[in-house]
Amino acid sequence: MSATVLTASALLLDMDGTLVNSDAVVERCWRRWALKHGLDPEAALKVVHGRQGYATMAVLLPDRPVEENYADNRVMLAEETADVDGVVPIGGAPAFMAAIADLPHALVTSADSALAAARMGAAALPMPAVRVTAEQVGASKPDPEGFLKGAAELGFGAADCIVFEDSEAGIAAGRAAGMRVVGVGPRAAALSPDAHVEDLTRIRVEAAEDGTIRLHIDEA
């Protein structure tokens, strides 16, 4: 095990797979959708994480009109928002969120505001005051728009921000934004983030006297 120290002015946090374990819900909903459309559920689940639903549908059904993807996405969001069975915090998330409560941070998620509220609430995690949800961006991750908006709203440049992400699309978005990335969980392990942790118990947050944030990371 090796220790890494990263310094930043602000933290940008993905939700699903990073703060909240919602895999059970995601798998239930997307398996149903895949079977309905004659797709292999296992293949579908390999591309769902990190993207907005319509973007996943466009990958899986590339010839389908985008209007149908948007319509299906609205149904999917409603189903996911109503289903919080099995939604729990990622290991260490409650303590991590408490440690950064007074430090500059934002939630940047592919969920819409209702789904984000439902899952953060189900996991008993505080909702950040600054958040960028699906309604506020024109392009889904891996596009960097969400992270760039989060940084701008906090008042910091990309180089001063660290992204926390679990998925390939999310890590690609963080990199495209010009930000350093801490990968969280098994999906992130093979994606060469700047640092990787099994969960958030591996991170100690220190508020430095100069106003910066020091992350002491015990990498797996």
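The values are calculated or read from the model by the stated rules, or taken from the named source; none is laboratory data. Predicted, not measured: the structure shown is a model, and the values here were computed from it. Heads up, the Cβs are rebuilt from the backbone with ideal geometry, glycines too, and the neighbour counts pull from every protein chain shown. All accessible areas refer to the heavy atoms of the entire protein, side chains included, with ligands and DNA or RNA removed. Shrake-Rupley method; radii C 1.70, N 1.55, O 1.52, S 1.80 Å.
Short-range pairs are left out: with C-alpha atoms under 8 Å and at least six residues apart, the relative contact order of the chain is 29 percent. Measuring only protein heavy atoms, the 1.4 Å probe finds residue 32 accessible over about 120 Å². Projected onto their three principal axes, the Cα atoms of segment 1-142 cover extents of 46, 33, 30 Å, largest first. When the residues 113, 167 are ordered by accessible surface, computed with a 1.4 Å probe over the protein chains alone, the sequence from largest down reads 113, 167.
As I understand it, the value is the acute angle between the Cα axis of helix 66-82 and the longest principal axis of the Cα atoms of the chain; what does it come to in degrees, rounded to 10? That works out to roughly 70 degrees. Relative contact order of segment 1-122, taken over Cα pairs closer than 8 Å and 6 or more residues apart, is 42 percent. Per residue, segment 1-72 exposes an accessible area of 46 Å² to a 1.4 Å probe, with every protein chain left in place. Mean-square fluctuation check for the chain, GNM, Cα pairs under 10 Å: which of 196, 37, 49 is largest? With Cα springs under 10 Å in the chain, the top fluctuation among 196, 37, 49 is at 37. Taking +1 at the Cβ of each Lys and Arg and -1 at the Cβ of each Asp and Glu, which of 57, 182, 103 sits farthest along the dipole of the chain towards its positive end, judged by Cα position relative to the Cα centre? Towards the positive end, the residue furthest out is 57. Per atom type, segment 53-143 shows carbon and sulfur on 59% of its accessible surface, probed at 1.4 Å.
If one computes the Cα centroid of segment 5-33 and of segment 104-165, what distance in Å separates the two points? Each part's Cα centre sits 11 Å from the other's. Taking 5, 25, 137 and ordering them by how much accessible surface each has at a 1.4 Å probe, largest first, produces 5, 137, 25. Note on the chain: GNM, Cα springs under 10 Å; of 193, 41, 65, the largest mean-square fluctuation is that of 65. Each DSSP beta bridge with both residues in the chain is either parallel or antiparallel, and the antiparallel ones are about 45%. Per residue, the accessible area of segment 131-220 comes to 43 Å² when a 1.4 Å probe rolls over the protein heavy atoms. Working note: 222 nm ellipticity from helices only, DSSP H runs with n ≥ 4, each -39,500 (n - 2.57), summed and divided by the residues of the chain, gives -10500 deg cm²/dmol to the nearest 500.
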